[in-house]
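In what follows, a structure is listed as structure tokens, so that the remarks can point back to it.
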Amino acid sequence: MRLPAAKSIRLSGLVKRYDRTQVLHGVDLDVRAGEFMSMLGPSGSGKTTILKIIAGFEAPDSGMVTIGDRDMVGVAPEHRNIGVVFQNYSLFPHMSVAGNIGFPLRMRGMPKARQRTRIEQALELVALPGYGNRMPNQLSGGQQQRVAIARAIVFEPDILLMDEPLGALDRRLREDMQMEIKALHERLGITIVYVTHDQEEALSMSDRIAVFNRGRVEQTGTPREVYRQPATLFVADFLGDSLHVSAAVQDDRIEVADVVAILQRPPAGHSGRVRLLWRCDEIEIAEPVARPAVSGGRITMPATVLSVAYAGTALRLKVQLASGEIGTVAAPEGGRAETGGRIGLRLDLARATILPDTARRGGSD
Amino acid sequence: MGSRFFQAIGVWPLLAALAILFFLPAAVIIANSVTEPPGAGLSNFRRVLADPTFFRFAMNTVKIAIIVSIFTGVIGYFYAYAMYRAGPALRAFLLTCALLPLWTSLLVRSFAWSVILRDTGIVNWLLISAGVVDHPIGMMRTLFAVTIGMIQILLPFTILPAYTSMRRFDSNLIAAARSLGASPRRAFWQVFFPSTQVGLAAGLVLVFVLSLGYYITPVLLGGPSDQPVAVLITAQITSQLDWGAAGAMSAIVTAAVLLMLAVGWNALKKIFLV
């Protein structure tokens with residue numbers, strides 16, 4: 001099965017409120033044709049609302065939705081030619097697998113014989129050949145989701161929307177399905193918008209990620225960009241473990257925890273109070289020190305280990321600095337860190353991400 | 001004492017009351033069909049089944065039950081759909097209106113209909129005042145009066161099961177159908193209705209079964225040709241003193257009811273036992 005040319009999506013200035021709660025504060029987002037774009041954020045951040053607006057289930061209070069070069073305002077869902085995969089599969093319980101997959105074809109008045117061929121092709125695509133006569137309640141969760149995906153692509157939609165499609169599956173199955181969806185994307189070349197609150201899922205599957213917080217897009221970028229160069233503290237915290245400390249910048253001078261260092265490359269556009277952020281794997285564990293010290297562009301700081309968690313390939317240490325700031329540091333598995341122990345943290349200023357010091361934190365609604 | 005006491009005795013007092021006050025008398029009546037007069041055997045059944053009067057009353061009963069089922073089914077399903085689509089306040093109002101008939105005595109409701117429908121009743125007064133008709137339309141003692149009275153009384157029995165099945169409906173399925181190319185109308189008929197028709201079926205079985213045993217409403221509102229089997233059974237006992245024939249008729253009606261319940265068992269189970 002080969003889909004017609006993939007289409008791009010352009011969202012501009014989307015505003016949506018329910019009663020008194022504003023859920024979208026002017027969202028702009030461009031999804032390129034054929035791109036796998038994840039919308040990542042906590043629940044209540046507006047990502048599912050965006051999906052509903054793209055699908056046409058909800059209308060924005062203001063703003064534009066353009067798919068390809070077609071303005072979608074006022075177009076009913078059934079006229080948008082968009083495939084949607086829901087978290088709870090949403091298979092029609094009174095129809096067989098073939099009945100479900102054939103539903104969009106029947107709605108389009110396709111001749112019976114062609115329907116049968118297309119249904120078979122779709123079932124093969126999701127590795128369920130011969131399952132046409134089963135009823136949905138005879139299938140496992142993973143199989144139901146494959147049928148839902150087959151149903152959403154069988155009619156050759158312009159784009160495919162997926163709303164936390166793997167949320168109900170257990171971890172092992174979820175990882176298999178991630179690979180399959182990724183493979184499907186590469187094979188069909190279709191534009192996919194994928195809603196998830198699982199940062200690992202977004203990082204491993206996406207071409208680009210849009211990170212949502214409180215009805216706004218905080219950052220859009222490749223998985224590597226949003227992980228290694230987060231634009232805000234919210235993005236940094238939502239996409240993994242890190243340590244960030246308060247600092248003051250003036251030109252190339254930076255003051256951290258009462259010690260002053262000189263930056264190799266003066267940060268553009270930052271001065272005054274900032275936060276320096278290191279991902280947990282960018283921090284080196286050193287011998288305990290009494291007070292912060294600078295040498296060769298690195299600061300060594302004393303810290304207390306609050307807790308140690310075993311994370312498979314490494315340990316995750318929750319550490320507290322003398323300033324009271326708390327962060328997470330990765331340590332080699334054989335390390336001798338223990339709860340309550342004192343350690344030194346070696347922080348390389350060249351690897352630090354400099355972020356505006358905002359108290360604003362995202363969270364669930 | 002207290003709740004532990006009630007927990008310990010459970011539903012047994014209720015079942016005991018039901019056994020003594022309902023099952024026992026019903027069993028005695030039905031037993032009469034083979035014991036009255038002594039040594040009757042199946043003669044009462046042969047007599048009743050060959051009796052054109054019984055046949056006529058049975059046909060009346062089935063005819064009324066079918067008409068009432070069709071109307072309560074259609075009205076009840078769409079009333080339930082209105083409740084399903086309504087906001088919380090309107091839904092509460094509609095639910096109260098739907099339940100109201102259950103909170104009033106059957107006798108009072110049937111009399112109320114006679115006040116509305118009789119020649120000097122509200123409907124005729126309105127029609128005459130508006131100049132639509134010169135003389136009152138005779139609505140009392142007609143099939144129309146019987147069915148409208150029974151429909152109003154039996155509506156909750158289709159509304160509530162249908163509403164139950166709608167509440168269980170996953171509204172994402174409509175969104176899914178729309179995204180797959182179905183218009184609102186097709187999404188309703190091809191997805192919503194098939195998913196909720198089990199509630200309608202359960203309600204229809206209840207209404208049909210209840211209609212088979214209706215007595216007061218047809219007596220008060222119906223004419224001589226609209227009388228159901230229940231009236232004939234009463235007549236057998238009160239004026240003919242023919243307990244054997246009454247027992248045989250009761251047994252036949254009971255068998256019909258059990259048959260209907262068996263046919264509709266799947267639907268009833270899905271709505272009431274889940």
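The values are calculated or read from the model by the stated rules, or taken from the named source; none is laboratory data. Computed from a prediction, not measured in an experiment: that's the story for all the values here. Note that we place each Cβ from the backbone using ideal geometry, even for glycine, and neighbour counts take in every protein chain shown. Accessible surface areas use protein heavy atoms only, side chains included; no ligands, DNA or RNA. Shrake-Rupley method; radii C 1.70, N 1.55, O 1.52, S 1.80 Å.
Pick from segment A:317-346 the residues that are of a type in the set (Lys, Arg) and closer than 20 Å to A:Leu276 by Cβ: which of them is most open to solvent (accessible area, probe 1.4 Å)?
Taking segment A:317-346 first, the residues of a type in the set (Lys, Arg) are A:318, A:336, A:342, A:346.
Those still in the list that are closer than 20 Å to A:Leu276 by Cβ too: A:318, A:346.
Numbers: A:Lys318: 94, A:Arg346: 79 Å².
So the residue we want is A:Lys318.
May I ask you to say which residue of A:Gly13, A:Gly41 is out of contact with any Ser or Thr (no Cβ under 6 Å at 6 or more places or on another chain) and farther than 25 Å from A:Leu203 by Cβ? Don't jump to the end; show me each part of the working.
Working: A:Gly41 fails: farther than 25 Å from A:Leu203 by Cβ.
Step by step, each of A:Gly13, A:Gly41 is checked, and only A:Gly13 is out of contact with any Ser or Thr (no Cβ under 6 Å at 6 or more places or on another chain) and farther than 25 Å from A:Leu203 by Cβ.
Out of B:Met59, B:Met83, which single residue is open to solvent by less than 80 Å² (accessible area, probe 1.4 Å), within 29 Å of B:Phe157 (Cβ to Cβ) and of a type in the set (A, V, I, L, M)? Reasoning before the result, please.
Working: B:Met59 fails: open to solvent by less than 80 Å² (accessible area, probe 1.4 Å).
B:Met83 is the lone residue from the list that is open to solvent by less than 80 Å² (accessible area, probe 1.4 Å), within 29 Å of B:Phe157 (Cβ to Cβ) and of a type in the set (A, V, I, L, M).
Within segment A:76-161, which helices (runs of 4 or more DSSP H) (wholly inside it) include 1 or more residues that are within 11 Å of chain B (Cβ to nearest Cβ) and not acidic (Asp, Glu)?
Working: elements: A:97-107, A:112-125, A:141-153.
Per the criteria, A:97-107, A:141-153.
Restricting the search to segment A:47-63, which residues are assigned to a loop (DSSP other than H, G, I, E, B) and open to solvent by less than 20 Å² (accessible area, probe 1.4 Å)?
So the first thing to find is which residues in segment A:47-63 are assigned to a loop (DSSP other than H, G, I, E, B), and the list is A:56-61.
Within segment A:47-63, A:Gly56 is the sole residue that qualifies.
Take the residues in segment B:168-185 that are within 7 Å of chain A (Cβ to nearest Cβ) and of a type outside the set (Gly, Ala, Ser), then tell me which one is nearest to the chain's Cα centre (by Cα).
Applying the filter and picking the extreme gives B:Asp170.
For A:Asp170, state whether it is out of contact with any Cys (no Cβ under 7 Å at 6 or more places or on another chain) and within 14 Å of chain B (Cβ to nearest Cβ).
no
(1) in contact with a helix residue (DSSP H, G or I) (Cβ under 8 Å, 6 or more places away or on another chain); (2) open to solvent by 50 Å² or more (accessible area, probe 1.4 Å): which one isn't true of B:Gly121, the others all being true?
(2) is the only condition that B:Gly121 fails.
Looking at (1) open to solvent by less than 70 Å² (accessible area, probe 1.4 Å); (2) of a type in the set (Gly, Ala, Ser); (3) farther than 21 Å from B:Leu200 by Cα, which is the only condition B:Ser129 fails?
(1)
Starting from segment A:201-213, keep only residues that are basic (Lys, Arg), then list their pairs with residues that are open to solvent by less than 10 Å² (accessible area, probe 1.4 Å) whose Cβ atoms are within a distance under 6 Å, requiring at least 6 positions of separation or different chains.
If the second residue must be open to solvent by less than 10 Å² (accessible area, probe 1.4 Å), the pairs left are A:Arg208/A:Met37.
Mind telling me which of the residues B:Leu232, B:Leu212, B:Leu259 ends up being open to solvent by 30 Å² or more (accessible area, probe 1.4 Å), closer than 16 Å to B:Thr61 by Cα and at pLDDT 90 or above? First the steps, then the outcome.
Working: B:Leu232 fails: open to solvent by 30 Å² or more (accessible area, probe 1.4 Å); B:Leu212 fails: open to solvent by 30 Å² or more (accessible area, probe 1.4 Å).
After applying the criteria, what remains is B:Leu259.
When both residues are 6+ apart or on different chains and their Cβ atoms are under 7 Å apart, which pairs have a first residue that lies in segment B:169-182 and is closer than 12 Å to A:Ile82 by Cα, and a second that is among the β-branched types (Val, Ile, Thr)?
B:Ala176/A:Val84; B:Ala177/B:Val191; B:Ser179/A:Ile82; B:Ser179/A:Val84
Between B:Gly203, B:Gly223, which is in contact with a Ser or Thr (Cβ under 7 Å, 6 or more places away or on another chain), touching a residue at least 24 places away in the same chain (Cβ under 8 Å) and surrounded by fewer than 21 Cβ atoms within 10 Å (Cβ to Cβ)?
One residue alone meets the criteria, B:Gly223.
Helices (runs of 4 or more DSSP H) wholly in segment B:1-105 with at least 1 residues that are in contact (Cβ under 8 Å) with a residue 60 or more places away in the chain, small (Gly, Ala, Ser) and touching a Ser or Thr at 6+ places or on another chain (Cβ under 6 Å) - which ones?
Working: elements: B:2-9, B:12-18, B:24-35, B:43-49, B:52-85, B:88-103.
Passing ranges, in order: B:52-85.
Applying the selection to segment A:191-221, what residues are touching a Lys or Arg at 6+ places or on another chain (Cβ under 9 Å), part of a loop (DSSP other than H, G, I, E, B) and open to solvent by less than 50 Å² (accessible area, probe 1.4 Å)?
A:Asp198, A:Gly215
So if I check each of B:Phe208, B:Phe193, which one is under 24 Å from B:Ala267 (Cβ atoms) and over 13 Å from the mean Cα position of the chain (by Cα)?
Details: B:Phe208 fails: over 13 Å from the mean Cα position of the chain (by Cα).
One residue alone meets the criteria, B:Phe193.
Please verify whether A:Gly44 is under 20 Å from A:Val211 (Cα atoms), more than 14 Å from chain B (Cβ to nearest Cβ), in a loop (DSSP other than H, G, I, E, B) and open to solvent by 10 Å² or more (accessible area, probe 1.4 Å), treating the condition exactly as stated.
On the way: under 20 Å from A:Val211 (Cα atoms): yes; more than 14 Å from chain B (Cβ to nearest Cβ): yes; in a loop (DSSP other than H, G, I, E, B): yes; open to solvent by 10 Å² or more (accessible area, probe 1.4 Å): yes.
For A:Gly44, the condition - under 20 Å from A:Val211 (Cα atoms), more than 14 Å from chain B (Cβ to nearest Cβ), in a loop (DSSP other than H, G, I, E, B) and open to solvent by 10 Å² or more (accessible area, probe 1.4 Å) - is met.
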